[in-house]
Amino acid sequence: MSTIIRASAPAKVNLVFEVGQLASDGYHPVNSLFFALDLREELTLVKGEPGTGISIYVHGDSIPEAHINAVPTDHSNLVHKTAVLFAQKLGKATPDLQIDIHKRIPVAGGMAGGSADAAAMLVALNEFMHQEHGTEKLSIEELAVIGAELGSDVPFCLYGSLAIGTGRGEVITPLEGLSFETNWLLCASSKGLSTPTVFAAFDELDTETQFTDLAELSKTSSATELGSRMTNDLEQAAFSLMPSLSQQVRELEELGAIRAMVSGSGPTIAALFESEAKAIEVSKALNSQGVVALTAKGGAQGARLDG
């Protein structure tokens, strides 16, 4: 009987995203408060026949077809790269695998969809290699080190919940979760924004940022207080590339959002609402107008094995 392993990992929003000036290594130092949402990518990994290599299948029903079609299924997919790198780290041959990805996170939307896939894959492979090859299972800290080589958001998708990300965002300091429920509405764009393009636009704006102590934000006592503290240094850069986003932010706040903001490098807009009922009401209204609006709750668990 074939080995079948299921895993999932969460979307992220940056409650605070502070970006420093471009460094000599070609990256921007960041100071970010990451928050995981219960919008989860689901990955099923099946042992393939010897010599068949890696096959990737992608599907989803809650995000536009264009987003599903935008995900590569060859060696350029982050999940494929994860399999190759993980096997390499263990000194093993890359296993033959069939991988099914159920996408729920908008693609190129600033919510770490690809990184969540990679994080789920790391957790699944950790178990797969243990079962198939008797390797010792790696800790979350060890998986995060490998994840950092794949993408800056991968380590957070492994940890989940609430955490500070520094360096390129890959150095994770977990925090205690928020003491209150958070309800989100996420507006996906039909077009993605390339993260490097947004950072380049940020450089042109020549913004000066002072990093702040983000740990204290974990002690906020209400969604209203949290909304008042949410900021994103990349938001103006995203607006300059896609002006319709600033109008969408205004509209969401007029519809009752405590705060609406570009998530990460965009173009997804994350809007914080006081109640689940209000978030659902607004999402239904927007979906009826042809806007892709998803709802989610905050404080989700990081990458995990499922069933």
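The values are calculated or read from the model by the stated rules, or taken from the named source; none is laboratory data. Predicted model, so just to flag it, every value in this text is computed and none were measured. Neighbour counts are summed over all protein chains in view; Cβ atoms, including those assigned to glycine, are modelled from backbone coordinates with ideal geometry. Ligands, DNA and RNA are excluded from the accessible area calculation, which covers all protein heavy atoms including side chains. Shrake-Rupley method; radii C 1.70, N 1.55, O 1.52, S 1.80 Å.
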Completion exercise
Those residues of region 56-82 that are part of a loop (DSSP other than H, G, I, E, B), in contact with a strand residue (DSSP E or B) (Cβ under 7 Å, 6 or more places away or on another chain) and either open to solvent by 40 Å² or more (accessible area, probe 1.4 Å) or under 17 Å from residue 186 (Cβ atoms) (or both) come to a total of 5
Fill in the blank from the handout: Reported set for region 266-281 where residues are open to solvent by 10 Å² or more (accessible area, probe 1.4 Å) and either touching a residue at least 40 places away in the same chain (Cβ under 8 Å) or under 16 Å from residue 104 (Cα atoms) (or both) is 274, 275, 276, 278
Exercise for the section: Go through region 161-171 residue by residue and tally those that are in contact (Cβ under 8 Å) with a residue 60 or more places away in the chain and either open to solvent by 30 Å² or more (accessible area, probe 1.4 Å) or not in a strand (DSSP E or B) (or both). Expected result: 5
Completion exercise
Out of (1) closer than 30 Å to residue 217 by Cβ; (2) of a type in the set (Lys, Arg); (3) more than 19 Å from the chain's Cα centre (by Cα), the one residue 47 does not meet is (1)
Problem - Considering residues of region 3-23 that are under 20 Å from residue 213 (Cα atoms) and not in a strand (DSSP E or B) only, the residue least open to solvent (accessible area, probe 1.4 Å) - result: 20
Handout entry: Subset tally (residues that are among the charged types (D, E, K, R), open to solvent by 10 Å² or more (accessible area, probe 1.4 Å), in contact with a strand residue (DSSP E or B) (Cβ under 9 Å, 6 or more places away or on another chain) and not in a strand (DSSP E or B)) for region 87-116
Key = 2
Fill in the blank from the handout: Of the residues in region 145-189, those that are of a type in the set (Ser, Thr, Tyr) and more than 22 Å from residue 259 (Cα to Cα) number 4
Completion exercise
Taking first residues from region 25-44 that are under 22 Å from residue 82 (Cα atoms) and open to solvent by less than 10 Å² (accessible area, probe 1.4 Å) and second residues anywhere that are at pLDDT 95 or above and of a type in the set (Val, Ile, Thr), the pairs with Cβ under 7 Å that are 6 or more apart or on different chains are 41/101; 43/99; 43/101
Handout entry: Of all residues in region 183-211 being part of a loop (DSSP other than H, G, I, E, B) and under 23 Å from residue 154 (Cα atoms), the one that is most open to solvent (accessible area, probe 1.4 Å)
Key = 191
